[in-house]
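This report refers to the structure that appears directly beneath it.
The values are calculated or read from the model by the stated rules, or taken from the named source; none is laboratory data. Note that the structure is a prediction, hence the values are computed from the model and not measured. Quick reminder, even Gly has a Cβ in these numbers, built from the backbone with ideal geometry, and neighbours come from all protein chains shown. In case anyone asks, the SASA skips ligands and DNA or RNA and just uses the protein heavy atoms, side chains included. Shrake-Rupley method; radii C 1.70, N 1.55, O 1.52, S 1.80 Å.
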Amino acid sequence: MIELVSESRCVTCDVCVAVCPTNVFDRGPDGIPVIARQGDCQTCFMCEAHCPADALFVAPLTHPVPEDSPLRDEAHLAEAGLLGSYRREIGWGRGRKPGARLAVGPELGRARITPAALS
Amino acid sequence: MITLDLTADVVVVGGGPAGTWAALTAAEAGADVILLDKGYCGTSGPTASGGTGVWYVQPDPAQREKAMASREALGGFLQDRRWMSRVLDQTYENMNRLEAEARYPFPVIDGVPHKRGVQGPEYMRRMRSWIKRAGVTVLDHSPVNELLVDGTGTVAGVRGHRRQHNSDYRVRAGAVVLATGGCAFLSKALGCDVATGDGALFAAEAGAEMSGMEFSTAYAIAPAFTSVTKTAYYGFATFFRGDGTPLEGAGSQGGRSVIAKELLRAGTVLCQIDQATAAQQQQMRLGQPNFFLPFDRLGIDPFAEKFPITLLLEGTVRGTGGIRIVADDCATTVPGLYAAGDAATRELVCGGFTGGGSHNSAWAMSSGTFAGRGAAAFAAGLGAAATRRKLTGVGATGIRPASSATGVGRAEAIDVIRREVHPYDKNYLRNGSRLRPALAELDAIWESLRGGAVADGGNLAGLRQAAAMVAHARWMYTSALARTESRGMARREEFPELDPNQYHRLAVGGLDSLWTRAEPVTGRELAIA
Ligand SMILES: Cc1cc2nc3c(=O)[nH]c(=O)nc-3n(C[C@H](O)[C@H](O)[C@H](O)COP(=O)(O)OP(=O)(O)OC[C@H]3O[C@@H](n4cnc5c(N)ncnc54)[C@H](O)[C@@H]3O)c2cc1C
Ligand code: SF4
Ligand code: SF4
């Protein structure tokens, strides 16, 4: 679920308010969006992909993380390189090569069935 | 509350791949088009957040034959060969247009663009700007709540609500395309919470029928407590019990029921993606970066560590059921109403098996194209008379109650959905002895909703979604009970065999009382033995 809007990074462009498919954000009084309906978040990462300022973080869990979780701690997330990491991987943002250009996965063979005894 | 009054030749409901291709095609045919999305056209729906492999096959007879034959047995031979080849042709054309006209950056391998898949965010962002360039008006955050019909029952518009403007709207239109996606029952599967089956409810209220609803048992693998339901890469995985011993017979394909049984029994199944070489691991990252979001953010190395998994319901998003299509232009049984993508039945190209991994996306873009063209032609055929029709709303549950009783609403309905539709032992590992009581619960909640629940303004969409999910579940289980055999994804524990006497499609319909009808399989005359 969406866990963080970084006040220091946000450029108050309202893109996240527009693009969130489940209308999770409201525009705050100072222009910085607020997470108004976290329970409606479907953990789709789309707001993060579209945020031009790498100001959002979506924790990968479908329920809220605890108050003291590192996944809500801006300094930790920035240091771990997680802020804006999805946008970077899909190659969005100035000067980046679109990830779509590189998106060739491995050949998928017939799926394996787990055998009884594995060494 | 103010009501915005709009007019269009064609209204497209839903802005995923099916809706955007429908809007583009209708606009190119000269129609004035309004596209309405519950969320945001460009990010809403499973394609935008997930990305899709695409059934893109060169127009070479041998390759086409192989592509058509590949899943026929899995689908119980319910596919229509003529539709399969039209969809292959249309998909080929659309993917080439996506590259040439929308400048989609396909990967280039040995100088050749590789068009067997699209990255979701990039694809849908480009579709949005493409339809806007083509003159389509897009209204986001504007859920449609009901269809409007004229005096003859012909669909003539829609009514809905703009949630970020707190205003209602009405669009008078020559024809309507429903491209609202399938129904994943708010399971939190990736991008699927907007897919609550709304279009099927609207269509049924106008008199349309469903088909293939028994093939809606799609559950996808995700790391436990996450949303990323991407099953393909689990083909490289090994599965284990909670104590770390191998879970015999488990697999991402053909072994998912073993996983479901173990989850029911013990609550835990572990997994490790331990069969991928270093090179394959790297390719996986490039191929589907979002597959790794849960792992990277939780600090799990999926190649080296065991992690718990779950199965999330994807219902008719990856199952095949939906609104019954009765003509080549994706017309429904109701004049003026067209259906495309997951909202429409996909039996014509998938039979009774999921089209996941390629066919679904091909169906979305090609059925969208057919429907957009059909709707534009229908609207043009109405001429000036289109704007003089008197409009009546046909939305019943949540809008026009059957009685003055009150009591239940959205929350109660969603609770019943969680109890009677999500569980593996009801919807996935199906047995009449469990389906019948589940259906009885669903019938009861339907009756309560139908009786007195009402909402307006911003609250109406949520109530209508709940009604749509209950309607979907009732069509699913009614069809599942009618098919007393195991064919395609519709499996019944007590009828494990395929019954040659049930070689038919099943139409299903009704709102308060439901019916099913066997329909002959079409399009087999083209089958090459
Ligand atoms: C994780 C995942 C991976 C997948 N991978 C593949 C794959 O590799 N290959 C493949 O072929 N298929 C795949 N699929 C399936 C594929 O995503 C769907 O078949 C496809 O998205 C269907 O497109 P659509 O346009 O019909 O519906 P959707 O993409 O669901 O779009 C429906 C749209 O309608 C809108 N809407 C809904 N109700 C209303 C309303 N009342 N009013 C207004 N708007 C409304 C929604 O907001 C949404 O924008 C995958 C699905 C998932 C979940
Ligand atoms: S998209 Fe990013 S920068 Fe723009 S308002 Fe939202 S958080 Fe701020
Ligand atoms: S993850 Fe998706 S649903 Fe959640 S806030 Fe971001 S865009 Fe909205």
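From the residues in the range B:13-42 that are more than 8 Å from ligand 1 (Cβ to nearest atom) and under 25 Å from A:Cys41 (Cα atoms), which one is farthest from the other protein chains (Cβ to nearest Cβ)? Looking at the filtered set, the residue picked out is B:Leu35. Go through the range B:69-104 and give me each residue that's open to solvent by less than 20 Å² (accessible area, probe 1.4 Å) and in a helix (DSSP H, G or I). Passing the criteria: B:Arg81, B:Trp83, B:Met84, B:Val87, B:Leu88, B:Gln90, B:Thr91, B:Asn94, B:Met95, B:Leu98. Screening A:Ala116 on (1) crowded, with 16+ Cβ neighbours inside 10 Å; (2) at the interface with chain B (Cβ under 10 Å from one of its Cβ atoms); (3) not in a helix (DSSP H, G or I) shows it passes everything except condition (1).
Of all residues in the range B:250-277 being away from chain A (no Cβ under 11 Å) and among the small types (Gly, Ala, Ser), which is nearest to B:Leu186 (Cα to Cα)? It comes out as B:Ala260. Does any residue of the range B:232-249 turn out to be away from chain A (no Cβ under 11 Å), assigned to a strand (DSSP E or B) and touching a residue at least 12 places away in the same chain (Cβ under 8 Å)? No, the range B:232-249 contains no residue that is away from chain A (no Cβ under 11 Å), assigned to a strand (DSSP E or B) and touching a residue at least 12 places away in the same chain (Cβ under 8 Å).
Out of A:Ala55, A:Ala111, A:Ala116, A:Ala103, one residue alone is of a type in the set (A, V, I, L, M, F, W, C) and modelled with pLDDT of 95 or more. It is A:Ala55. Scanning the range B:114-163 for residues that are without any contact (Cβ under 8 Å) to a residue 24 or more places away in the chain and within 10 Å of chain A (Cβ to nearest Cβ) gives B:His114, B:Glu122. The set of residues from the range B:1-50 being small (Gly, Ala, Ser), farther than 18 Å from B:Val317 by Cβ, open to solvent by 10 Å² or more (accessible area, probe 1.4 Å) and in a loop (DSSP other than H, G, I, E, B) comprises B:Ala29, B:Gly30, B:Ala31. Among the criteria (1) open to solvent by 10 Å² or more (accessible area, probe 1.4 Å); (2) more than 7 Å from chain B (Cβ to nearest Cβ); (3) more than 12 Å from ligand 2 (Cβ to nearest atom), the one A:Leu77 does not fulfil is (1). Checked against (1) aliphatic (A, V, I, L, M); (2) closer than 19 Å to B:Leu293 by Cα; (3) surrounded by 16 or more Cβ atoms within 10 Å (Cβ to Cβ), A:Ala18 passes all but a single condition, namely (2). Restricting attention to the range A:1-42, the residues that are touching a Lys or Arg at 6+ places or on another chain (Cβ under 7 Å) and more than 9 Å from ligand 2 (Cβ to nearest atom) total 5. Look through the range B:1-56, keep the residues that are in contact with a strand residue (DSSP E or B) (Cβ under 8 Å, 6 or more places away or on another chain) and acidic (Asp, Glu), and return whichever of them is nearest to B:Ala200 (Cα to Cα). The qualifying residue nearest to B:Ala200 (Cα to Cα) is B:Asp37.
Of A:Arg101, A:Arg87, A:Arg72, A:Arg112, all but one fail to be out of contact with any Pro (no Cβ under 6 Å at 6 or more places or on another chain), under 24 Å from B:Pro105 (Cβ atoms) and of a type outside the set (Phe, Trp, Tyr); the exception is A:Arg87.
The residues in the range A:21-49 that are within 7 Å of another protein chain (Cβ to nearest Cβ) and open to solvent by 10 Å² or more (accessible area, probe 1.4 Å) can be counted, and the count is 3. Being open to solvent by less than 10 Å² (accessible area, probe 1.4 Å) and touching a residue at least 24 places away in the same chain (Cβ under 8 Å) is true for just one of B:Ser358, B:Ser366, B:Ser403. Which residue is that? None of the other options fit; the residue is B:Ser366.
Every residue in the range B:141-167 that is open to solvent by 30 Å² or more (accessible area, probe 1.4 Å) and in a strand (DSSP E or B), please.
Of everything in the range B:141-167, those that are open to solvent by 30 Å² or more (accessible area, probe 1.4 Å) and in a strand (DSSP E or B) turn out to be B:Arg159, B:Arg162.
Scanning the range A:92-104 for residues that are surrounded by fewer than 19 Cβ atoms within 10 Å (Cβ to Cβ), within 9 Å of chain B (Cβ to nearest Cβ) and assigned to a loop (DSSP other than H, G, I, E, B) returns A:Lys97, A:Pro98, A:Val104.
Residues in the range B:190-218 that are within 14 Å of chain A (Cβ to nearest Cβ) and either more than 22 Å from B:Pro143 (Cβ to Cβ) or without any contact (Cβ under 8 Å) to a residue 12 or more places away in the chain (or both): B:Asp193 alone.
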